[in-house]
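The values are calculated or read from the model by the stated rules, or taken from the named source; none is laboratory data. Values in this document were obtained by computation on a predicted structure and should not be read as measured data. Reconstructed Cβ throughout: ideal geometry from the backbone, glycine too, with neighbour counts over all protein chains shown.
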Ligand SMILES: [Zn+2]
């Protein structure tokens, strides 16, 4: 992958594990119609409980990338939930994507870059980190509010220091969340990321702290304030084409903020341009053109280009990801 080429740095793999991938998925009865709709809108016409899903999903995703303007995608593992003393919470979490599966998928598809996921309270957190570095992880992904991670816990300091030494950036969910169950809402606040930032880890605040539900607290401006204090802090534009999260896109285009942002879609999350059209950021012609694009990875990209994100927005991530020497 060329460093001048645009990539999507926030793409989820989702698996049911029925074919032996190690993934699991818990879809509540009321979420089933939504999950089916999500599969259809990404163009996948197999059932969520098909034993072949975990093989077909990455194959389909690779096809979407190849047919898009993007040269690649960073695909994300998803660790289990743990309590602060390192016990796995078998009652919590809605999906699990093991690091091994992500590395295996990335070995098959050269357009993918692997982001591992490690809860730092795991008894084997440091060993797992070493394994993932060895296997070529380019970033580490977690959701502090959904995984129950107080990143400022002193016990995690060695973990963040090792990440900083290895040049492995942290992609951390910030802001509300409604697709994955929240364990500790306070950890949606970007200030929970202070310790890794102080240890020298490059931190990317996913969704820029925007709210996902109407009643979520708004952390977007907290994040902007933190940009001034922490030169190693960034934000991603994943899911900003979802109506509620999209309210700050105009502000994101300001040069003082835009220089700290990287492009991600949050695939398979739905993508729509209506909010930006209503806010006057998108012309009717651009809205119509983008809404006709069936490839959601490409639609998300084209909407951002039409809103005014410059070419650097789509390539800046290359300077943050870990490079194997
Ligand atoms: Zn995501």
Verdict on residue 224 being surrounded by fewer than 23 Cβ atoms within 10 Å (Cβ to Cβ) and either within 13 Å of the ligand (Cβ to nearest atom) or closer than 23 Å to residue 192 by Cα (or both) | yes
Pick from 245, 299, 323: which is closer than 26 Å to residue 35 by Cβ and touching a residue at least 60 places away in the same chain (Cβ under 8 Å)?
-> 245
Using the structure shown, decide if residue 168 is modelled with pLDDT of 95 or more and part of a loop (DSSP other than H, G, I, E, B).
-> yes
For the range 235-266, which residues satisfy the criterion of being within 16 Å of the ligand (Cβ to nearest atom) and part of a loop (DSSP other than H, G, I, E, B)?
-> 237, 238, 239, 240, 241, 242, 244, 263, 264, 265, 266
Give me the pairs: first residue in the range 190-207 and in contact (Cβ under 8 Å) with a residue 60 or more places away in the chain, second residue within 16 Å of the ligand (Cβ to nearest atom) and not in a strand (DSSP E or B), beta-carbon distance under 7 Å, and six or more apart or on different chains, which are they?
-> 202/169; 204/169; 206/174; 206/238
In the range 267-296, the residues that are touching a residue at least 40 places away in the same chain (Cβ under 8 Å) and in a helix (DSSP H, G or I) | 296
Please verify whether the range 287-298 includes one or more residues that are within 16 Å of the ligand (Cβ to nearest atom) and in contact with a strand residue (DSSP E or B) (Cβ under 8 Å, 6 or more places away or on another chain).
-> yes
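Conditions (1) in a helix (DSSP H, G or I); (2) at pLDDT below 95; (3) surrounded by 22 or more Cβ atoms within 10 Å (Cβ to Cβ), marked per residue:
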{"site": "16", "(1), (2), (3)": "no, yes, no"}
{"site": "31", "(1), (2), (3)": "yes, yes, no"}
{"site": "34", "(1), (2), (3)": "yes, yes, no"}
{"site": "39", "(1), (2), (3)": "yes, yes, no"}
{"site": "45", "(1), (2), (3)": "no, yes, no"}
{"site": "49", "(1), (2), (3)": "no, yes, no"}
{"site": "54", "(1), (2), (3)": "yes, no, yes"}
{"site": "63", "(1), (2), (3)": "yes, no, no"}
{"site": "74", "(1), (2), (3)": "no, no, yes"}
Please work out which one of (1) crowded, with 24+ Cβ neighbours inside 10 Å; (2) within 16 Å of the ligand (Cβ to nearest atom) is the condition residue 201 fails and give its number.
-> (2)
Give just the number: which of (1) in contact with a helix residue (DSSP H, G or I) (Cβ under 9 Å, 6 or more places away or on another chain); (2) within 16 Å of the ligand (Cβ to nearest atom); (3) within 22 Å of residue 207 (Cα to Cα) does residue 70 not satisfy?
-> (2)
